[in-house]
Amino acid sequence: MKGLIELNFEIEVLLISFAISIILGMITIPILKKLKVGQIERDDGPASHLKKQGTPTMGGIIIIISMIIGTIATVIYLYATNQEELAQQLLPMLILTVGFGAIGFIDDYKKLVLKNTDGLKPTYKMLGLLVISVAYVLYLVEGLKLGTQTYIPIAKTYIVLPMYVYIPAAICVILATTNAINLTDGVDGLSSSISVIIITCLTVIAMLRGVLEISIFGSIVIGSILGFLIFNLHPAKVIMGDTGSLLIGGVISSVALYLKMPLILLVIALIPVIETLSVIMQVAYFKKTGKRIFKMAPLHHHFELSGWKENKVVVVFSVVTLVLCIIGLKII
């Protein structure tokens, strides 16, 4: 009965966040249009993308604000119902993950509002992500005393890593995941669709493991992304930009680390992993031979140039991610 009550609560916060996100979308998109915060397309990209020029970007602020409102409302409710400890665990998760979105927002703001085509300098961008990553990992290890246990899927066992191995590895997981989600964001609805499936999988794992703070936080994030997705599906009325992609990458990696399951991302987040590898392979091969492996990288652009419509790319990649998440749930 207790589990059913908890599930009902998680469904409620998901639906509330979903509704908030939709309302924010209807308010925010006209403002972004008025500010002329439009997408800038690559000249060497798929020809079909040129019509996206000018589509309102920085839409990730819809997800961020929805998460903030949803989480704060949940925290107030938890305090009112004498669940202070649970409430206190949600706020640091919100602050740290929104920090990733803040880095993306600064980058988007400089590029799209201030018309600085370089945006935030890569060095500063990476430094900002690194600082937040270090803060989060230290919070897990020192603040929550979660230790350095790491779950090994398939083997279904934990190993304890030395601190000097775990901390750098955990930081690398965060940086790699944020970059991977960022690279996946190149087709209407692709990154948001794949990410919401991955986060749903992690939230289900949290439910199965009884990690209530993550199942609640995950539900808030799922609702926020689903509401945004209403406006992000092809043809997109808004694009998330780095504001959204870095935020979502931060959420996925931070939740996986909180659950002590970063290795599961190699399965359930295989699409973003492959997208990243396609870029690395393309650049390395081109530098060595002057030729390309793919028609264009990341991989989703290769399929577009091979004749796939955007909707097909999104559907196929999402279905593959769903299957991978089912496999992930099977092997934990």
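Nearest 0.05, what FRET efficiency do V319 and K295 give at R0 = 25 Å with Cβ-Cβ as r?
0.65
Placing unit charges on C-beta atoms (Lys and Arg positive, Asp and Glu negative, everything else neutral), compute the dipole magnitude of the stretch 224-332 about its Cα centre in debye, rounded to 20.
340
Going highest first, how would you order 158-166, 211-219, 323-331, 259-267 by mean Cβ packing within 10 Å?
211-219, 259-267, 323-331, 158-166
For Kirkwood radius over Cα pairs in Å, which listed value, (1) 20.2; (2) 21.2; (3) 22.6, comes from the coordinates shown?
It is the value labelled (1).
Picking from L15, F286, V211, whose Cα lies most toward the positive end of the charge dipole for the chain (charges on Cβ: Lys, Arg +1; Asp, Glu -1)?
Checking the options against the dipole of the chain, the answer is F286.
For the chain, find the longest principal axis of its Cα atoms and tell me its angle to the long axis of helix 270-289, 0 to 90°, nearest 10.
Compared with the principal axis, the helix lies near 40 degrees.
Within 15 Å, Cβ to Cβ, of I31, how many net charges do the neighbouring residues add up to if Lys/Arg are +1 and Asp/Glu are -1? Don't skip to the end; give the middle numbers.
Values: positive: K33, K34, K36, K237; negative: D108.
Counting the neighbours of I31, the net charge comes to +3.
In whole Å, what is the distance between the alpha-carbon centres of the stretch 175-220 and the stretch 282-297?
Centre-to-centre distance over Cα atoms comes out at 30 Å.
Could you tell me which Cys residues in the chain have no other cysteine's Cβ under 4.7 Å from their own Cβ, answering none if every one has a partner?
When partners are defined as cysteine Cβ atoms under 4.7 Å apart, the chain leaves C172 without one.
Can you tell me the relative contact order of the chain? Whole percent, Cα pairs under 8 Å, sequence separation 6 or more.
About 26 percent, as a whole number.
Determine ³J(HN,Hα), in whole Hz, for all residues of the stretch 233-248 in sequence, where each value follows from phi through the Karplus function 6.51 cos²θ - 1.76 cosθ + 1.60 and θ = phi - 60°; x replaces Gly and Pro.
Going residue by residue, I get 5, 5, x, 5, 8, 7, 10, 5, x, 5, 3, x, 5, 5, 4, 5 Hz, with x marking Gly and Pro.
Express in nm, to one decimal, how much length is gained between A135 and I95 on full extension, taking 0.36 nm for each residue of separation and deducting their alpha carbon distance.
On the way: separation 40, 0.36 × 40 = 14.40 nm, distance 1.09 nm.
Extra length available between A135 and I95 comes to 13.3 nm.
Going through the stretch 112-193, which trypsin sites (Lys or Arg not before Pro) have at most 11 other Cβ atoms within 10 Å and a DSSP loop state?
Working: sites: K115, K125, K145, K156; in loops: K115, K145, K156.
Here the sparse-neighbourhood loop sites are K115, K145, K156.
Quote the charge dipole size of the chain about the Cα centre in Debye, to the nearest 20; the model charges only the Cβ of Lys and Arg (+1) and of Asp and Glu (-1). Spell out each step's value before the answer.
Details: 25 positive and 19 negative charges, 196 e Å.
Here the chain has a charge dipole of around 940 debye.
Between I31 and L263, what FRET efficiency follows from the Cβ-Cβ distance if R0 is 41 Å, with the result rounded to 0.05?
Numbers: r = 41 Å, r/R0 = 1.01.
The value I calculate is 0.50.
List, in order, the whole-Hz ³J(HN,Hα) value for each residue of the stretch 125-132 obtained from phi through the Karplus relation with A = 6.51, B = -1.76, C = 1.60 and θ = phi - 60°; use x for Gly and Pro.
Karplus-based 3J(HN,Hα) across the stretch 125-132 equals 4, 5, 5, x, 5, 5, 4, 5 Hz.
Please give the contour-minus-distance gain from E12 to E85: 0.36 nm per residue of separation, less the Cα-Cα distance, rounded to one decimal in nm.
24.2 nm
Under 16 Å from a point placed 7 Å out from the Cα of I76 along the Cα-to-Cβ direction: which residues of the stretch 17-32 have their backbone N that close?
Within reach of a label on I76, which here means backbone N under 16 Å from a point 7 Å along Cα→Cβ, the stretch 17-32 contributes 17, 20-21.
Throughout, read-outs are computed from the coordinates displayed, never taken from laboratory work. Predicted model only: the values in this text are computed from it and were never measured. Cβ coordinates were reconstructed from backbone atoms using ideal geometry, including for glycine residues, and neighbour counts include every protein chain displayed.
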